[in-house]
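The values are calculated or read from the model by the stated rules, or taken from the named source; none is laboratory data. All figures in this text were calculated on a predicted structure; none of them were measured in a lab. Glycine gets a Cβ as well: all are built from the backbone with ideal geometry, and neighbour counts include every protein chain shown.
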Amino acid sequence: AQSVTQPDIHITVSEGASLELRCNYSYGATPYLFWYVQSPGQGLQLLLKYFSGDTLVQGIKGFEAEFKRSQSSFNLRKPSVHWSDAAEYFCAVGAGNYGQNFVFGPGTRLSVLP
Amino acid sequence: NAGVTQTPKFQVLKTGQSMTLQCAQDMNHNSMYWYRQDPGMGLRLIYYSASEGTTDKGEVPNGYNVSRLNKREFSLRLESAAPSQTSVYFCASSVREGSTDTQYFGPGTRLTVL
């Protein structure tokens with residue numbers, strides 16, 4: 001079965017600084033990888049996804065993520081953080097077939113200092 | 001499109017009471033899901049419905065029942081609520097993209113059981 005770890009429970013960055021959120025997965029076959037963002041009191045919004053092809057994927061709100069098979073990682077990055085990016089971020093891995101095989105990481109909470 | 005909608009947004013129950021959480025999607029998705037979100041544990045799958053007329057247990061089904069009323073609607077029922085069911089509940093629906101599904105989430109229902 002697949003699993004996902006997000007090593008950082010909470011990260012604080014200053015507005016305008018760069019951001020990298022880490023995600024490591026465990027899965028024996030080709031993974032399908034996702035990043036979701038959850039603003040306070042809201043549902044989860046899909047930021048980006050990786051299925052195959054180019055290992056650097058672009059998402060909404062200026063986010064990007066890079067799939068590194070050798071490191072079993074799918075880290076999320078943003079060059080310049082805005083105060084509105086403060087939220088919780090979830091990495092997820094799908095194992096093909098149906099969505100019941102989705103596994104979410106525990107989440108990383110991002111705080112942004114003015 | 002409204003996407004995935006959930007009612008109610010908030011609910012307080014006493015131990016032993018029953019209630020039904022409603023979910024509807026207008027994206028013509030075949031598959032739908034119920035998750036619960038607890039601090040530090042990410043999202044855990046309660047039940048899912050791969051298609052209209054079918055339902056299956058997820059990771060944490062005990063204490064819950066579901067009904068896939070039609071293609072649009074998927075409800076979650078707590079027959080006898082317990083304090084351990086205090087959580088935030090998310091409904092999702094998914095669309096097949098390539099070899100896997102991408103899930104889209106509703107805004108959530110915050111449930112407190114006293």
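Data table
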| read-out | value |
| --- | --- |
| Some residue of the range B:73-80 being modelled with pLDDT of 95 or more, farther than 30 Å from A:Ser52 by Cβ and not in a strand (DSSP E or B) | yes |
| Those residues of the range B:55-103 which are within 25 Å of A:Leu47 (Cα to Cα) and in contact with a Gly (Cβ under 6 Å, 6 or more places away or on another chain), in sequence order | B:Val88, B:Phe90, B:Cys91, B:Ser94, B:Ser99, B:Thr100, B:Asp101, B:Gln103 |
| From B:Gly42, B:Gly98, residue being surrounded by fewer than 21 Cβ atoms within 10 Å (Cβ to Cβ), in contact with a Pro (Cβ under 7 Å, 6 or more places away or on another chain) and under 20 Å from A:Val93 (Cα atoms) | B:Gly42 |
| Single unsatisfied condition, A:Asp54 versus (1) modelled with pLDDT under 90; (2) under 27 Å from B:Arg36 (Cα atoms) | (2) |
| Residues within the range B:12-57 that are of a type outside the set (A, V, I, L, M), away from chain A (no Cβ under 12 Å) and assigned to a loop (DSSP other than H, G, I, E, B), tallied | 9 |
| Residue in the range B:101-112 that is nearest to the other protein chains (Cβ to nearest Cβ), counting only those that are surrounded by fewer than 22 Cβ atoms within 10 Å (Cβ to Cβ) and more than 13 Å from the chain's Cα centre (by Cα) | B:Thr102 |
| Restricting the range A:49-103 to residues that are of a type in the set (A, V, I, L, M, F, W, C) and under 16 Å from A:Ala29 (Cα atoms), the residue that is surrounded by the fewest Cβ atoms within 10 Å (Cβ to Cβ) | A:Phe51 |
| Among the residues listed as A:Ile60, A:Ile11, the single one being modelled with pLDDT of 95 or more and farther than 15 Å from B:Gly42 by Cα | A:Ile11 |
| Residue in the range B:61-79 that is on the phi < 0 side of the Ramachandran plot, within 9 Å of chain A (Cβ to nearest Cβ) and not β-branched (Val, Ile, Thr) present | no |
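Conditions tested, residue by residue: (1) on the phi > 0 side of the Ramachandran plot; (2) within 14 Å of chain B (Cβ to nearest Cβ); (3) touching a strand residue (DSSP E or B) at 6+ places or on another chain (Cβ under 9 Å).
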site: A:Thr55; (1), (2), (3): no, no, yes
site: A:Gln58; (1), (2), (3): no, no, yes
site: A:Phe67; (1), (2), (3): no, no, yes
site: A:Ser70; (1), (2), (3): no, no, no
site: A:Asn75; (1), (2), (3): no, no, yes
site: A:Pro79; (1), (2), (3): no, no, yes
site: A:Val103; (1), (2), (3): no, yes, yes
site: A:Pro106; (1), (2), (3): no, yes, yes
